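Colleague: Following this message is one structure expressed as structure tokens.
The values are calculated or read from the model by the stated rules, or taken from the named source; none is laboratory data. Predicted model, so just to flag it, every value in this text is computed and none were measured. Counting neighbours? That spans all protein chains shown, and the Cβs are built from the backbone with ideal geometry, glycine included. Ligands, DNA and RNA are excluded from the accessible area calculation, which covers all protein heavy atoms including side chains. Shrake-Rupley method; radii C 1.70, N 1.55, O 1.52, S 1.80 Å.
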Amino acid sequence: MNHKQVTILGVPFTHTNQNDFVQLLKQRIESEQKTFVVTANPEIVMKANEDSNYMDTIKQANYIVADGIGVVKAAKILNQPLPERVTGYDTVMDLLNLANEHRYRIYLLGAKQEVLEKAVNKINTKYPNANIVGSHNGYFDWNHNQIAEEVASLQPDIVLVALGLPRQEQWIAQHIANFNKGIFIGVGGVFDALAGEVKRAPEIWQKLNLEWFYRLVKQPSRWKRMLVLPHFVMKIYGQKVKGRK
């Protein structure tokens, strides 16, 4: 099934909403179709524009979805609106609910060991029927490890990769040929949220599309990462002007 795409600064976003996308992933789990998902915010789009290797990496994904209100607003400016945000956090929570319902097998890769253990414990407590078949922290020798072989042997239905940008997408792209099935998704800081290390913005902030501001208030060290946003907006208007010509 081919989904309509919206191209933003060269990145092809899947035109979908949260509910439809999760149902699509469920179908792909059931039919054992290997799937690479990128949840892309403006930071990822800008990184891809600055680094052609990273652009090539994310373009290997089956689906790139709009994780961030900035991407949704950009699509609107370009007169190619996307239905809504499809966030990494919400997608992981929905996948965990499905895993609990259907006893899907899950592998977690990334974060510090203590954060990873807390995230595993949280999943085991809240989603007791989800089957965590393995996990590994994010601190490993990239060139000398057996993680991909371990994942392949465990045959998980869902692999959550929290290695941060750009490593999580690079790891999936580099190893996906070794796997027969499974949803592989880069999830950034979701393990920190699961572990209770970072609190998600209250719903009112989410509804006002101010989740980014809440996170900045809570983690002022993020300000440097936020500098990408004005640059992103300028490039979007540049794309709009080019489109008119």
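Colleague: Could you point to the residue in Ala74, Asn124, Ala177 farthest towards the positive end of the chain's charge dipole, with +1 and -1 charges on the Cβ of Lys/Arg and Asp/Glu respectively?
Modeller: Result: Ala74.
Colleague: Let me ask another. Describe numerically, in nm with one decimal, the distance between label points set 7 Å from Cα along Cα→Cβ at Lys76 and at Lys34.
Modeller: Between Lys76 and Lys34, the simple spin-label model gives 3.9 nm.
Colleague: Using helices alone, I'd like the mean residue ellipticity at 222 nm for the chain: each DSSP H run of four-plus residues gives -39500 (n - 2.57), total over residue count, nearest 500.
Modeller: The helix-only estimate for the chain comes to -14500 deg cm²/dmol at 222 nm.
Colleague: Would you mind telling me the share, in percent, of accessible area of the chain contributed by carbon and sulfur at probe 1.4 angstrom?
Modeller: Working: 5980 of 12380 Å².
The C+S portion of the solvent-accessible surface of the chain is 48 percent.
Colleague: Shifting gears a bit: List the residues, sorted by chain then number, that are 5 or more residues from Phe184 or on another chain and whose placed amide H is less than 5 Å from its amide H.
Modeller: Thr35, Phe36, Val37, Val159
Colleague: By DSSP, what percent of the beta bridges with both residues in the chain are antiparallel, rounded to the nearest 5?
Modeller: Roughly 15 percent of the DSSP beta bridges within the chain come out antiparallel.
Colleague: Mind listing the long-range amide H neighbours of Asn17? Cut-off is under 5 Å, sequence gap 5 or more, other chains count too, H placed in the peptide plane at 1.01 Å from N.
Modeller: Placed amide hydrogens put nothing under 5 Å from Asn17.
Colleague: Exactly which chymotrypsin sites (Phe, Trp or Tyr not before Pro) in the range 115-152 are in a DSSP loop and have at most 12 other Cβ atoms within 10 Å?
Modeller: For chymotrypsin sites (Phe, Trp or Tyr not before Pro) across the range 115-152 that sit outside H, G, I, E and B with at most 12 neighbouring Cβ atoms in 10 Å, the list reads Tyr139, Trp142.
Colleague: Apply the Karplus parameterisation 6.51 cos²θ - 1.76 cosθ + 1.60, with θ equal to phi minus 60°, to every residue of the range 37-52 and state each ³J(HN,Hα) to the nearest whole Hz, in sequence, with x for glycine and proline.
Modeller: 10, 10, 9, 10, 9, x, 4, 5, 4, 5, 4, 5, 6, 8, 9, 5
Colleague: If you place +1 on the Cβ of every Lys and Arg and -1 on the Cβ of every Asp and Glu, how big does the dipole about the Cα centre of the chain come out, in debye to the nearest 20?
Modeller: Around 1040 debye, computed over the chain.
Colleague: About the Cα centre of the range 67-181, what is the dipole size in debye to 20, counting +1 per Lys and Arg Cβ and -1 per Asp and Glu Cβ, all else neutral?
Modeller: Taking the Cα centre of the range 67-181 as origin, the dipole is about 260 debye.
Colleague: Normalising by the residue count of the chain, find the relative contact order in percent from Cα pairs under 8 Å and 6+ residues apart. Spell out each step's value before the answer.
Modeller: Numbers: 402 pairs, mean separation 54.8, N = 245.
Normalised by residue count, the contact order of the chain is 22 percent.
Colleague: Can you work out the Karplus-derived ³J(HN,Hα) for every residue in the range 15-24? Use 6.51 cos²θ - 1.76 cosθ + 1.60 with θ = phi - 60°, whole Hz, and x for glycine or proline.
Modeller: 7, 7, 10, 4, 5, 4, 5, 5, 5, 4
Colleague: By how many nm would the segment from Gln155 to His102 grow when fully extended, if each residue of separation counts as 0.36 nm and the alpha-carbon distance is taken off?
Modeller: Contour length minus Cα-Cα distance gives 17.5 nm.
Colleague: Calculate the length of the line joining the C-alpha centroid of the range 35-92 to that of the range 120-168, in whole Å.
Modeller: 23
Colleague: Across the range 61-68, in residue order, what do the Karplus-derived ³J(HN,Hα) couplings come to in whole Hz, using 6.51 cos²θ - 1.76 cosθ + 1.60 with θ = phi - 60° and x for Gly and Pro?
Modeller: 5, 6, 9, 10, 10, 7, 9, x
Colleague: Can you give me the accessible area per residue for the chain, using a 1.4 Å probe, in Å²?
Modeller: 51
Colleague: Could you give the dipole magnitude of the range 116-172 about its Cα centre, charging the beta-carbon of Lys and Arg +1 and that of Asp and Glu -1, in debye to the nearest 20?
Modeller: Here the size comes out at about 320 debye.
Colleague: Hey, rough spin-label estimate for Lys4 and Lys181, points 7 angstrom out along Cα→Cβ, what's it come to in nanometres?
Modeller: Spacing of the two 7 Å Cα→Cβ label points: 3.2 nm.
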